[in-house]
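**Q** Below is the structure I would like to discuss, written out as structure tokens.
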Amino acid sequence: MKYLCLIYDEEKRLGGMSKNESDAFTSEYFAFTEGIRKSGHYLGGEALQPVQTATTVRIRNGKVSTTDGPFAETKEQLGGFYLINARDLNDAIQVASKIPSARLGTVEVRPIQEFNQQ
Amino acid sequence: MSEDAAERVRETVDAVYRSDSRRVLATLIRLLGDFDLAEEALHDAFAAAVERWPRHGVPAKPRAWLVSAGRFKAIDAMRRRARFDASQAELAERLDAPSSDPAGWEDEGVEDDRLRLIFTCCHPALPPDAQVALTLREVCGLTTEEIAHAFLTAPPTVAQRIVRAKTKIRDARIPYQVPSRAELPDRLDTVLHVVYLVFNEGYSASSGASLTRHDLSGEAIRLGRLLIELLPEPEAVGLLALMLLHESRRAARTSPAGELVLLGDQDRSRWNRDQIAEGAALVERALSSRRFGPFTLQAAIAAVHAEAPSAAATDWAQIVGLYDVLVRADPSPVVELNRAAAVAMRDGPSAGLGLIDAILARGDLGDYHLAHSARADLCRRLGRTAEARASYERALGLTRQAPERRFLERRLGELPD
């Protein structure tokens, strides 16, 4: 079954890291990604640019409305994701708990909805 | 078959339902992979037993017979639905595969099924109130109405919690398994907290007229016994000990008029000696493992009280010592408050008062009625009447429980002018 791991970090805190800290954090991510490729969990994953690059799009009254900023202002911001293949929720939780940001921020685990197309 | 014999068979079916329906359900959930299907199958299996056993006799292994009948009925129902829904046919085929070996349905694995059921109902991905409702519904077999009554909630609210929890178990694929050794301590902790919450809800109802709701405490103790039978971990043993030692005081905790009686004022001849003996033996067993935690420490404290002939003759030094360990193992303001009360007994009221005032000054427990009533009591003993009155009034403003309110009002009335 597929699960999306949504990674929330406090950008201010990550931005405040020294170069050494930041490099160590990044290499932890590389090692983690390598690990879940080997274990067969990995389906995809990306890091996002900071939230100030976000644009929110809606259509209201038939018109496209474009606003600067994320969907919601929060203390921790969506900063990346992994799409994983896991046996069940316990397996997915095990993977999510090893994402480096689980220690500093929050990881939300959501099962992917499958549609039967006939 | 004569009327008498048929009546005896019906009694047997009832007895098997009481003793084994939860075990059969636990196994059916594993075989069918779905709570609702399994409940329907359980119902069908007992309906078949009521019909067949009087005519054909009670089978040698009633539980295996029921599992087999329930599984057969479920597959049958899926095949009938398959005429309208192709996915049901596939499910029915999979369930009917030869790998589902009937020999494995009896005994081995069945105890594991009950553990699987407990761990699934208490999965940390479910909200706490749903863990409690689901455990009482599926593991203990209480009806939705009984759970709602016990928790002073509306039945539709409880029903909705259970439906949502089952939906999450299915859709997020919460597995039906006992956690691995690495996950076990955390997961067991969640289970123990659910059991303790059920016990406490029965022992000291958070609101309402009656101080205790007996059935819930009984269910929690039954759950505790089941748990140590299936998984004899020290903290599970400690929790059962704690519940038994608290339960042993039930008869002495309220006066015939329904008034609250504090530990120090209780008639100790009314304590249940059998429960104390069992609880104290379990405490010893948990402590000797050297892998115990907060529940065992609380049980050890309760055991010191239980073995004291009177409040004055209690070994307060030992109780303070146990609280010192507990404060380190499981730091919380409530544990500190209890420790302060024990220090007041060992060293006198002003020592305890100093500790309570330090907790309150830190900004903790300001909304906790017991902190203010404990403070009031120490001020009363020190002759600081005005402070005692203010603290009793503060406590009164914070509790909804009728017997507690009457107790505080009585204490206020007894203060000198």
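The values are calculated or read from the model by the stated rules, or taken from the named source; none is laboratory data. Note that the structure is predicted; figures quoted are calculated from it, not measured. All Cβ positions, even for glycine, are placed from backbone atoms using ideal geometry, and neighbour counts span all protein chains on display.
**Q** Under 6 Å between Cβ atoms, at least 6 apart or on separate chains: pull out the pairs that start in the range B:9-36 with a residue that is touching a residue at least 40 places away in the same chain (Cβ under 8 Å) and end on any residue that is in a loop (DSSP other than H, G, I, E, B).
**A** B:Thr12/B:Val58; B:Arg22/B:Gly141; B:Arg30/B:Tyr176
**Q** Report the residue count in the range B:38-60 for those that are surrounded by fewer than 19 Cβ atoms within 10 Å (Cβ to Cβ) and more than 31 Å from the chain's Cα centre (by Cα).
**A** 11
**Q** Do we find that B:Ala154 is within 14 Å of chain A (Cβ to nearest Cβ), farther than 23 Å from B:Gly224 by Cα and either touching a residue at least 60 places away in the same chain (Cβ under 8 Å) or over 18 Å from the mean Cα position of the chain (by Cα) (or both) in this structure?
**A** no
**Q** Residues that are under 23 Å from the mean Cα position of the chain (by Cα), modelled with pLDDT of 95 or more and closer than 30 Å to B:Val178 by Cβ: does the range B:263-278 have at least one?
**A** yes
**Q** Additional query: Quick one: which of A:Ala24, A:Ala31 is farther than 25 Å from B:Ala182 by Cα, outside any strand (DSSP E or B) and hydrophobic (A, V, I, L, M, F, W, C)?
**A** On inspection, the qualifying residue turns out to be A:Ala24.
**Q** Mind counting the residues in the range B:177-188 that are touching a residue at least 12 places away in the same chain (Cβ under 8 Å) and facing chain A (nearest Cβ under 9 Å)?
**A** 2
**Q** Say we look at the range A:34-59 and pick out the residues that are within 14 Å of the chain's Cα centre (by Cα) and not in a strand (DSSP E or B); which of these is nearest to A:Leu89 (Cα to Cα)?
**A** Looking at residues that are within 14 Å of the chain's Cα centre (by Cα) and not in a strand (DSSP E or B), I get A:Leu48.
**Q** Further, regarding this structure: Please go through the range B:51-74 and pick out each residue that is part of a helix (DSSP H, G or I) and free of Cβ contacts under 8 Å to residues at least 24 places away in the same chain.
**A** Those that are part of a helix (DSSP H, G or I) and free of Cβ contacts under 8 Å to residues at least 24 places away in the same chain: B:Glu51, B:Arg52, B:His56, B:Trp65, B:Phe72.
**Q** Has the range B:313-336 got any residue that is farther than 19 Å from B:Leu355 by Cβ and among the aliphatic types (A, V, I, L, M)?
**A** Scanning the range B:313-336, I find at least one residue that is farther than 19 Å from B:Leu355 by Cβ and among the aliphatic types (A, V, I, L, M), so the answer is yes.
**Q** Here's a check for you: in the range B:122-151, which residue that is outside any helix (DSSP H, G or I) and more than 14 Å from chain A (Cβ to nearest Cβ) is farthest from B:Leu223 (Cα to Cα)?
**A** Per the criteria, the residue is B:Pro127.
**Q** Let me ask something else about it. How do the helices (runs of 4 or more DSSP H) wholly within the range B:153-248 filter down when requiring 3 or more residues that are modelled with pLDDT under 90 and of a type outside the set (Gly, Ala, Ser): which remain?
**A** Where helices (runs of 4 or more DSSP H) fall fully within the range B:153-248 and carry at least 3 residues being modelled with pLDDT under 90 and of a type outside the set (Gly, Ala, Ser), they are B:184-203, B:214-230.
**Q** May I pose another question? If we only count strands (runs of 3 or more DSSP E) wholly inside the range A:60-118, which ones have 2 or more residues that are more than 24 Å from A:Lys38 (Cα to Cα) and away from chain B (no Cβ under 14 Å)?
**A** A:63-68, A:77-85
**Q** Only residues in the range A:39-54 that are touching a residue at least 24 places away in the same chain (Cβ under 8 Å) count as the first member; pair them with residues that are assigned to a loop (DSSP other than H, G, I, E, B) and loosely packed, with under 14 Cβ neighbours inside 10 Å, Cβ under 8 angstrom, at least 6 apart or cross-chain, and list the lot.
**A** Final answer for the pair search is A:Val51/A:Gly69.
**Q** Another one. Condition first: crowded, with 18+ Cβ neighbours inside 10 Å, touching a helix residue (DSSP H, G or I) at 6+ places or on another chain (Cβ under 7 Å), touching a residue at least 60 places away in the same chain (Cβ under 8 Å) and not in a helix (DSSP H, G or I). Can you find one or more residues in the range B:263-284 that meet it?
**A** Checked the range B:263-284: no residue is crowded, with 18+ Cβ neighbours inside 10 Å, touching a helix residue (DSSP H, G or I) at 6+ places or on another chain (Cβ under 7 Å), touching a residue at least 60 places away in the same chain (Cβ under 8 Å) and not in a helix (DSSP H, G or I).
**Q** List the number of the failed condition for B:Arg405; all other conditions in (1) touching a Leu at 6+ places or on another chain (Cβ under 8 Å); (2) surrounded by fewer than 21 Cβ atoms within 10 Å (Cβ to Cβ); (3) in a helix (DSSP H, G or I); (4) in contact (Cβ under 8 Å) with a residue 12 or more places away in the chain hold.
**A** Result: B:Arg405 passes all but (4).
**Q** Any idea which residue in the range B:163-202 is surrounded by the fewest Cβ atoms within 10 Å (Cβ to Cβ), counting only those that are within 19 Å of B:Ala26 (Cβ to Cβ) and within 17 Å of the chain's Cα centre (by Cα)?
**A** B:Thr190
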